[in-house]
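**Q** One structure, pasted below without further comment.
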Amino acid sequence: GDGRIIAHSNPQSVRSDKPWVLPDDDGFYASLDGQPVLLSRAFVHLGEQTLQVVAELPRREAQSTGGLSHAIILAALLISLAASGVASYVFVRTIITPIESLAETAAVLAAGNLEERSPIKRNDEIGVLALSLNKMAGRISAQINNLEEQVAERTHALQKATESLQAIFENSQQSFLLVNRDLEIQAFNRTEAEWAQAVFGR
């Protein structure tokens, strides 16, 4: 309590009767031999006696330790930033790349190639979207093929009906003359032509 040193690594300090007035707070101060040190203290109670235990660390060593701590913290921060950047990139690519693939497939389908399919096979929402897009393209393609078959069948039937009608028109013993609303001749059959030849000479 009176500043007298009762234990020290340097015996001369213990023998000295000169009191040591400790600073109020921990920090950088001059040691007993005048060297700059980082000084810290703690109170120890022994019965009614209160002692102060003082720890000293040379300033250079303390600062190098602090600098090392700062370097470690900075390195850890940089590593965590790099790791989070890589993780973010991987996470973004796992979402953006499939969406870009879906957009390309949709563009090809919109251009008319209904045989295009998305190659994405995943169990998440993007995979469900890709599967739905593929199913939709398949149904549209099947419907178009069905319509084309129906049109081809009806075109063929219409062509046959037209050919039959044309054969009846051409080979009928009745005289047929087709005129429009302006009474302009559009077509006539062989019987009409023979009749006109016989009547008009042309």
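The values are calculated or read from the model by the stated rules, or taken from the named source; none is laboratory data. Worth saying up front: this structure is predicted, and the values here are computed from it rather than measured. Cβ atoms come from the backbone with ideal geometry, glycine included; neighbour counts cover every protein chain shown. Protein only, heavy atoms only, side chains kept; ligands, DNA and RNA dropped before computing areas. Shrake-Rupley method; radii C 1.70, N 1.55, O 1.52, S 1.80 Å.
**Q** Hey, can you tell me all the residues within the stretch 168-180 that are part of a loop (DSSP other than H, G, I, E, B) and closer than 17 Å to E194 by Cβ?
**A** Within the stretch 168-180, S172, Q173, Q174, S175, F176 qualify.
**Q** Right, next: Would it be correct to say that E192 is more than 30 Å from T94 (Cβ to Cβ), of a type in the set (D, E) and modelled with pLDDT under 85? Show your work before the answer.
**A** Values: more than 30 Å from T94 (Cβ to Cβ): yes; of a type in the set (D, E): yes; modelled with pLDDT under 85: yes.
So E192 fits the description; yes.
**Q** Being without any contact (Cβ under 8 Å) to a residue 60 or more places away in the chain and on the phi > 0 side of the Ramachandran plot: is that true of G47 here?
**A** In short, yes.
**Q** Going through the stretch 16-56 one residue at a time, which ones are open to solvent by less than 60 Å² (accessible area, probe 1.4 Å), part of a loop (DSSP other than H, G, I, E, B) and not hydrophobic (A, V, I, L, M, F, W, C)?
**A** S16, P23, S31, G34
**Q** Any idea which residue in the stretch 103-129 is farthest from N145 (Cα to Cα), counting only those that are assigned to a helix (DSSP H, G or I) and in contact with a helix residue (DSSP H, G or I) (Cβ under 6 Å, 6 or more places away or on another chain)?
**A** If we take residues in the stretch 103-129 being assigned to a helix (DSSP H, G or I) and in contact with a helix residue (DSSP H, G or I) (Cβ under 6 Å, 6 or more places away or on another chain), then I126 is farthest from N145 (Cα to Cα).
**Q** I'd like to know if the stretch 57-67 contains one or more residues that are of a type in the set (D, E), under 30 Å from L22 (Cα atoms) and part of a helix (DSSP H, G or I). Step through it out loud before you land on a result.
**A** First, pick out the residues of the stretch 57-67 that are of a type in the set (D, E): 61.
Those left that are additionally under 30 Å from L22 (Cα atoms): 61.
Remaining after also requiring part of a helix (DSSP H, G or I): 61.
Yes, the stretch 57-67 has at least one match.
**Q** Could you list, in sequence order, the residues of the stretch 108-130 that are under 19 Å from the mean Cα position of the chain (by Cα) and open to solvent by 60 Å² or more (accessible area, probe 1.4 Å)?
**A** Matches in the stretch 108-130: P119, K121, R122, N123, E125, V128, L129.
**Q** With the requirement that a residue be free of Cβ contacts under 8 Å to residues at least 24 places away in the same chain and under 26 Å from R60 (Cβ atoms), what does the stretch 15-34 give you?
**A** Applying the first criterion (free of Cβ contacts under 8 Å to residues at least 24 places away in the same chain) to the stretch 15-34 yields 15-21, 23-27, 29-30, 33-34.
The answer is S16, W20, V21, P23, D24, D25, D26, G27, Y29, A30, D33, G34.
The rows are residues; the columns are (1) in contact with a Leu (Cβ under 7 Å, 6 or more places away or on another chain); (2) closer than 30 Å to R122 by Cβ.
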| site | (1), (2) |
| --- | --- |
| K135 | no, yes |
| I140 | yes, yes |
| Q150 | no, no |
| R154 | no, no |
| L158 | no, no |
| T162 | no, no |
| L165 | no, no |
| F169 | no, no |
| Q174 | no, no |
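**Q** Right, next: Hey, among L133, L183, L165, which residue is open to solvent by 90 Å² or more (accessible area, probe 1.4 Å), assigned to a helix (DSSP H, G or I) and modelled with pLDDT under 95? Steps first, please.
**A** Details: L133 fails: open to solvent by 90 Å² or more (accessible area, probe 1.4 Å); L183 fails: assigned to a helix (DSSP H, G or I).
Result: L165 is the single residue among L133, L183, L165 that is open to solvent by 90 Å² or more (accessible area, probe 1.4 Å), assigned to a helix (DSSP H, G or I) and modelled with pLDDT under 95.
Here's the yes/no breakdown for (1) more than 16 Å from L38 (Cα to Cα); (2) modelled with pLDDT under 90; (3) over 40 Å from the mean Cα position of the chain (by Cα):
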site	(1), (2), (3)
V53	no, yes, yes
G66	no, yes, yes
S84	yes, no, no
V92	yes, yes, no
